[in-house]
Structures are given as C-alpha cells and as structure tokens.
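Taking it in order: structure first as structure tokens, then the write-up.
The values are calculated or read from the model by the stated rules, or taken from the named source; none is laboratory data. Quick caveat: nothing in here was measured; it's all calculated off a predicted structure. Every residue, glycine among them, receives a Cβ derived from its backbone with ideal geometry; neighbour counts consider all protein chains shown.
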Amino acid sequence: MTGQMNTSNSNIYLPRETEITAIRQETSDIKTFVLKFKDAAYGDAFTYRPGQFVEFSVFGEGEATFCISNSPTRKTIECSAKKMGMVTQAMHELNVGDTVGLRGPYGNGFPVEDLKGKHLLFVSGGIGLAPLRSLINYCLDNRDDYLDITIVNGARTSKDLVYRDEYKVWEKAPGTKVHLTVDCREEDWVCMVGVVPKALEEIKPTCNGSVAIVCGPPIMIRFTIPVLEKMGFCPESIITTLEMKMKCGLGKCGRCNIGNHYICKDGPVFNYAKLKELHYEL
Amino acid sequence: MKKTVKKEALIALIENLMKDHEVVSPVETAGKGVFYRKIDKAKDVYLGPAFAVEPVKKFFLHPSEWICGCNKEEGTASPCPVPADDKKRVIFGVRPCEARGLVLLDKIFAPDDPAGYQDTSYIDNRSRSVIVGLACSVPDRTCFCVSLDGSPVETRGMDAVLFDMGDNFIVEILTEKGKSILGSLPGTIDAGSEKALEAAKEKTKKLVVKTVKAPDSLDASFKSDYWKKVSLSCLSCGVCTYLCPTCHCFDLVEEERKKLRCYDGCAFPDFTLETSGENPRPTKKERYRQRVFHKFDYFKKNFGENLCVGCGRCIRFCPVKIDISEVAAGAPIK
Ligand SMILES: Cc1cc2nc3c(=O)[nH]c(=O)nc-3n(C[C@H](O)[C@H](O)[C@H](O)COP(=O)(O)OP(=O)(O)OC[C@H]3O[C@@H](n4cnc5c(N)ncnc54)[C@H](O)[C@@H]3O)c2cc1C
Ligand code: SF4
Ligand code: SF4
Ligand code: FES
C-alpha cells in the first residue's frame, strides 16, 4: 500500500519527529499546520495518497487523527485541525519551529485510478473540505486524467470557510466550477445561501459519468446522500470518507470498525454501496 | 517426543531454570483464586486443575504497557523507543484454550501478510517465551472449547505440554524451543502409559459438556431487537473483555514522558465516543452486539475462525451471568 514504510523491526507506535514550518489560521477554530520530517531522507521517501491520514502527536498530550489535507503532488505535508478536545487544543497553542510527532500514512485513500475519466462532484461542509482538498489539488495537478470538476462547499458562516485563498485558483482551472454556500444570509455575501443539500438541489449537477465525493459533518452527509440518490447517483458512485474515534490507525486497537472492516485500515474511504452492505447507518 | 516424568523432577528442573530464565506459572493466592505470576520459588508452581482467573494474554499484551517514551522539555520534544525486555521466559501451565488464544492474537499483532503491521513489543514477548502447556483434566461447566474446533487436550500454540497422570506428568515436546527447555528431563514412555494417556484424553474431551451452535454468520440478525434484549442486564463493566484470552482492544494514553498502551474494551460507552459527542455505539445494544459480532462474525469473515476459544471466563466472571455462547447460538438469523 502506498506510503507504508513499515519495516518488521520498527516500533509501529513510535512517531517520527516533525517540525512545524508554518501555521495558517483558517478560521477562528481551525489552523493548518505545515509539517516537515526532521529526518530528511525519511521525508523524501514519504509518499501518500489523497484521503490517507496520519496520527499527530503533541508530546505529553496525546495523539489525534488528521487527514493529510495537501495533495501528494505538492511539496509540503499539511494537516488542518479544528479545535475540539485535549490534543487539538494543545495543537492550537503550538508555534512555528515546535516539534511534534507523526506516524502514518494510514488508510486506503481515494481511488484516484478508478476516478480517471469521470466527472467529479466534490461536496463538503466545514473542515470536511480537508480530505477533499487533497484530492482536488491532486486532480488539478493531473488535470487531463479527469473530466469536469464541480466543487460544492459549505460552512455555517462565511467566516467558517476553510482554504479561502484556494477557491480563486480552483475557479480559474480549466473545466472547474466552485459553488460556495453559507447556512444563513449575510451582508456582503454574494454566493449561495442555504445548507449544502439544498445548494446541491439548486445546482443540479449531472450524474452521468459522475462520481460524487462527500465529506462533512454527519448531519450534512445524512441529508446529502438522499439528495444525490434522487439526482440519479447510484450508491457505487457516491464516495465518502468516514470518521470514527481512532487510536492506533493500524487495525489493532479495535474501536473503529463497521462490520468486519476497520475504518483506519480498510477505509476511511468507502462507497455508499459498501456502507449499506456493512449496515452503516447515516 | 513423549516421556514420563516424576513431578519432583519437573520442580527440580524449574528450580534450575530460574537461574537464567524468567519463569511464569499459575500460583494459588489465598482466597482469590489462581493467577499467573512471575515466580521465584519452584514450589509455588501450581499445576492443579483450577483455572487461572486472568488469561496468560497479559504477558504478551500487558494491561498497561509503556510503548514509547517522549521527552517534553522546553518546548521541544522527541519520541524515543523503550528498551525491550529480552530475558528468556518460560511460561508453565498454559491451558489449551489460552495457547490457542495466542495463535489468534498472532493474526492481529504478528500478521502473516508482509504488508501488515508487526507489533514488535508483542512479537518480542512471543519470541522470548517458551509455552509449556498443561492439558485440562477437569473442565469447568462454562467451558465450551470443543464446540469451537478446540479441545481440552490440544496443543496448538504450545512448545511442550504436560499431562497430569497422577503421580507423574507425561511431557510431550512439540517444538525446538520446547526441547531446549525440557529436553534434558530424563525418562522415556512405555506402551502402557501411552495407552493410558490416550484414554485419559478421550475421557477429558467428554467432560466438556457445554455445547454451542454458533451460526456461521450473524449478519441477518444485525438489526434485530434481540441485541437490546440480551444486553439489557449488562453493566458495561468490561470484565468480559479484560479476562478474555482473545480480546485485544486497547487505548493509547499519553503521560508527561511516555506513551502507554492500556486495555480497553467495547463494553465501555466512551470506547467509540467522539469529541463532538457523536457515538456510533451509543447504547448497550450496539456495544454488546459488537462484542458478539467481533467474536462470531467479523473475525471469521477476516480470518476464517471465531475469535472465541470457549474458555468460559466471560461466563464465569460476568456479574450478571450473561452467557455469550447462549447469546451467539440464539441470535435470530432467519
Ligand atoms: C480519518 C480521520 C480524519 C480526520 N481528519 C481530520 C482533519 O483533517 N481535521 C480535523 O480537524 N479533524 C479531523 N478528524 C477528527 C479528529 O481526529 C478529532 O477531532 C480529534 O481526534 C479530536 O481530538 P482531541 O484530542 O482534540 O479530542 P479529545 O476529546 O481529547 O479526544 C481524545 C482522543 O480520542 C480520539 N478521538 C476523539 N474523537 C475522534 C474523532 N472524531 N476521530 C478520531 N479520533 C477521535 C483521538 O485519539 C483523541 O486524541 C479526523 C478523524 C478521522 C477519523
Ligand atoms: S462482564 Fe457481563 S456485565 Fe460486564 S460488560 Fe461483560 S457482559 Fe456486560
Ligand atoms: S469470549 Fe468468553 S468464552 Fe470466548 S474466549 Fe473470550 S472469555 Fe473465553
Ligand atoms: S484506530 Fe485502532 S483499529 Fe482503527
């Protein structure tokens, strides 16, 4: 599997020392960390797939799970973290130059090969854009492999939109459209208003030869999938990346399974047909 | 290779082994039952019929284990490995179901798949240990190994095995590792003893009276209210998971200077509770169903075997007497 640099004599729980080289404040409670392995040779050999994730250590505080939000086609490893509990709060206190730990990459990632020759519809809410950003930039860096790209991204308010500097770049890319929506009307807001599923109904993206890639808070996913199905997307062509509490990332600690699949190992990316088979309840 | 050995000769051998080995064995503790302990006196070794409360698992997956260190100083920090304990270890008195439990745990912590993640701490503990099993002679009424493709006298996962024949043990050496520890014991076996052993084995197998007909797949019962009904009395205490020779779920916990791996279990409400408050297994129904499905469905889908060896511990020690064998067998799959 891509990027697993797992030699039989190394401690699989041991994080690699990693330096924070830059921090970007995305919103009031989300920061993006730009990371560089201290061991340059390890860093050069480190590869991953869009949609894969890492375990991020703040030493003395613990580990938390983050997708790598940058594309492997770009130079830096980035993770964007929303301030939630212990580890993420400690992360928000970190400074450029601090050392943290990373282990990974883990999980299957998006099926970038299978998506070739398809129209891609990206649907995200809030920090859910993080894993999709990795895939969006990957597709844009391999533009000829993919057909039309439509991005529907929502947030509670315009202040909660992440990766704002990138929307313009995406819009300018060939065959790429970006739709932004916020939950409620705001002054000076010129894009769409309404929750993501509602915005989708207005946009009416084509389902022919399309794959929808969805990530966001559970409630958004719950209401988005029926809308996509109504538009004609079959369960096989709806892809999502799941979130469950994780610890090991290795399929060993036993907490992140749905059915006989561990999200950390066999996921986090699944298509909706597979999720139905596993009795996954939205 | 088998030989008949006097009990005193075995104790003398253990006494000698302790000079350069760590020796672990069941020990009787006053009023509390039998527990595996690291021993320093050979006469403490207990090889009688009573079962250890905790399974031997704890010598391979410790209840709380230091998995790596980290130094958190002046804003800089770095992870550091923990020096491995490498003294040779001999574990006496391991029961067939527990040894088989180790073979099942190997699939997770020492996977055959070369791309799989090898847990070096587990593997180090495995490779430095020699397992000298003890065949059961008096199965408990909660034991049901025989229905799960096991047997009270089997030897999977052992390096050598002892059969209690009254005044003597019959020792059977199964691997090179077993030979390195017990090969020096004097003795041979005569045809009469061989015959007596076979007869004793057959007799013991018949003493496992509890049977369970766990269905091949529980899939069709997943949505049933059955799971609510059978889990109603569960206290979410987690005893069943801690004492199970095959339960392996853990938590990773960080302290100032070290990361620890600690037992955890699907019975606990916060096992899957996310920071946001979402919990995919919010009630006992989902949690207990997870335990039974993991043992009798999911693991089988992934590895072709049940993740239960029928040791009966979770039945013996459950404070509200939930019986997993009955629960699995009674699942509505039609
Ligand atoms: C595959 C995957 C990718 C993710 N990607 C991102 C991302 O790009 N950006 C982002 O902001 N968040 C992401 N999350 C969610 C993020 O992992 C949690 O918000 C975070 O672990 C909370 O940790 P905490 O220490 O602040 O909270 P605490 O409440 O202190 O949590 C304690 C520990 O529980 C575990 N935990 C709790 N909730 C979750 C959860 N929802 N998912 C996984 N582990 C959890 C972690 O090990 C955490 O350290 C992702 C989760 C998964 C499963
Ligand atoms: S031992 Fe019994 S009460 Fe305790 S968690 Fe297990 S099933 Fe529930
Ligand atoms: S589930 Fe119960 S009977 Fe089966 S191995 Fe575990 S403790 Fe023993
Ligand atoms: S996070 Fe441990 S099994 Fe998936």
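Look at the range A:79-106: where a residue is assigned by TED's automatic domain parsing to the domain that holds A:Asp29 and a partner is of a type in the set (Lys, Arg) and within 6 Å of ligand 1 (Cβ to nearest atom), sitting 6+ places away or on another chain with Cβ atoms under 7 Å, you get A:Thr88/A:Lys82. Every condition in (1) modelled with pLDDT of 95 or more; (2) facing chain A (nearest Cβ under 10 Å); (3) in contact with a Gly (Cβ under 9 Å, 6 or more places away or on another chain) is met by B:Glu255 except one, and the failing one is (1). Within the range B:298-330, being over 17 Å from the mean Cα position of the chain (by Cα) and among the aromatic types (Phe, Trp, Tyr) holds for B:Tyr298, B:Phe303. Only residues that are in contact with a Ser or Thr (Cβ under 8 Å, 6 or more places away or on another chain), over 30 Å from A:Cys248 (Cα atoms) and assigned to a strand (DSSP E or B) were counted across the range B:25-72, and they come to 0.
For the range A:31-45, the set of residues classified as more than 14 Å from chain B (Cβ to nearest Cβ) and surrounded by 13 or more Cβ atoms within 10 Å (Cβ to Cβ) consists of A:Lys31, A:Thr32, A:Phe33, A:Val34, A:Leu35, A:Lys36, A:Gly43, listed by residue number. Only one of the numbered conditions (1) more than 30 Å from B:Glu254 (Cβ to Cβ); (2) out of contact with any Leu (no Cβ under 9 Å at 6 or more places or on another chain); (3) of a type in the set (A, V, I, L, M) is not met by A:Leu282, and that is (2). Among the residues making up the range A:85-117, those that are within 22 Å of A:Ser134 (Cα to Cα) and assigned to a loop (DSSP other than H, G, I, E, B) are A:Gly107, A:Asn108, A:Gly109, A:Phe110, A:Pro111, A:Val112, A:Glu113, A:Asp114, A:Leu115, A:Lys116, A:Gly117.
Return the total of residues in the range A:264-282 being within 11 Å of another protein chain (Cβ to nearest Cβ) and part of a helix (DSSP H, G or I). Matching residues across the range A:264-282 total 4. Answer yes or no: is there a residue in the range A:191-198 that is under 19 Å from the mean Cα position of the chain (by Cα) and either surrounded by fewer than 20 Cβ atoms within 10 Å (Cβ to Cβ) or under 15 Å from A:Gly125 (Cβ atoms) (or both). Looking through the range A:191-198, at least one residue is under 19 Å from the mean Cα position of the chain (by Cα) and either surrounded by fewer than 20 Cβ atoms within 10 Å (Cβ to Cβ) or under 15 Å from A:Gly125 (Cβ atoms) (or both). Only one of the listed residues (B:Leu207, B:Leu162) is in contact (Cβ under 8 Å) with a residue 60 or more places away in the chain, under 23 Å from B:Gly310 (Cβ atoms) and buried (at least 21 other Cβ atoms within 10 Å of the Cβ). That residue is B:Leu162. Residues being touching a helix residue (DSSP H, G or I) at 6+ places or on another chain (Cβ under 8 Å), closer than 16 Å to A:His279 by Cβ and in a helix (DSSP H, G or I): count how many of those fall in the range A:229-263. Residues meeting the conditions: 1.
The residues listed here are A:Ile219, A:Ile225, A:Ile238, A:Ile213; of these, the one that is away from ligand 2 (no atom under 16 Å from the Cβ), β-branched (Val, Ile, Thr) and either within 14 Å of chain B (Cβ to nearest Cβ) or closer than 30 Å to A:Asn11 by Cβ (or both) is A:Ile219.
One residue stands out among those in the range A:68-86 that are within 19 Å of the chain's Cα centre (by Cα) and more than 21 Å from A:Glu166 (Cβ to Cβ): the one that is farthest from the other protein chains (Cβ to nearest Cβ), which is A:Lys83.
Within the range B:256-273, the only residue that satisfies the criterion of being touching a strand residue (DSSP E or B) at 6+ places or on another chain (Cβ under 9 Å), surrounded by fewer than 21 Cβ atoms within 10 Å (Cβ to Cβ) and of a type in the set (Asp, Glu) is B:Glu256. Considering B:Cys234, B:Cys247, the condition of being in a loop (DSSP other than H, G, I, E, B), among the hydrophobic types (A, V, I, L, M, F, W, C) and more than 9 Å from chain A (Cβ to nearest Cβ) is satisfied by B:Cys234 alone. Annotation: of all residues in the range B:279-334 being assigned to a helix (DSSP H, G or I), more than 16 Å from ligand 2 (Cβ to nearest atom) and of a type in the set (Lys, Arg), the one that is surrounded by the fewest Cβ atoms within 10 Å (Cβ to Cβ) is B:Lys301.
Do we have any residue at all in the range A:56-67 that's more than 25 Å from A:Asp160 (Cα to Cα), of a type in the set (Phe, Trp, Tyr), surrounded by 19 or more Cβ atoms within 10 Å (Cβ to Cβ) and modelled with pLDDT of 95 or more? No: zero hits.
Restrict the check to the range B:304-318 and report whether at least one residue is more than 16 Å from ligand 1 (Cβ to nearest atom), in the same structural domain as B:Leu243 (by TED's automatic domain parsing) and without any contact (Cβ under 8 Å) to a residue 40 or more places away in the chain. Within the range B:304-318 (the criterion being more than 16 Å from ligand 1 (Cβ to nearest atom), in the same structural domain as B:Leu243 (by TED's automatic domain parsing) and without any contact (Cβ under 8 Å) to a residue 40 or more places away in the chain), the answer is yes, since at least one residue qualifies. If the condition is being closer than 25 Å to A:Lys82 by Cβ and within 19 Å of the chain's Cα centre (by Cα), then the range B:264-297 contributes only B:Asp264. Taking the residues in the range A:56-65 that are closer than 16 Å to A:Leu94 by Cβ and in a strand (DSSP E or B) as candidates, determine which candidate is nearest to the other protein chains (Cβ to nearest Cβ). Checked the range A:56-65; the qualifying residue nearest to the other protein chains (Cβ to nearest Cβ) is A:Gly62. Please tell me if B:Cys244 is farther than 21 Å from B:Asp297 by Cα and within 26 Å of the chain's Cα centre (by Cα). Spelling it out, it is not the case that B:Cys244 is farther than 21 Å from B:Asp297 by Cα and within 26 Å of the chain's Cα centre (by Cα). Counting only residues that are more than 7 Å from chain B (Cβ to nearest Cβ) and under 19 Å from B:Ala110 (Cα atoms), the range A:241-263 holds 4 of them.
Just one of the listed residues (B:Arg128, B:Arg100, B:Arg141, B:Arg89) is charged (D, E, K, R), surrounded by 22 or more Cβ atoms within 10 Å (Cβ to Cβ) and closer than 30 Å to B:Phe163 by Cα, namely B:Arg100.
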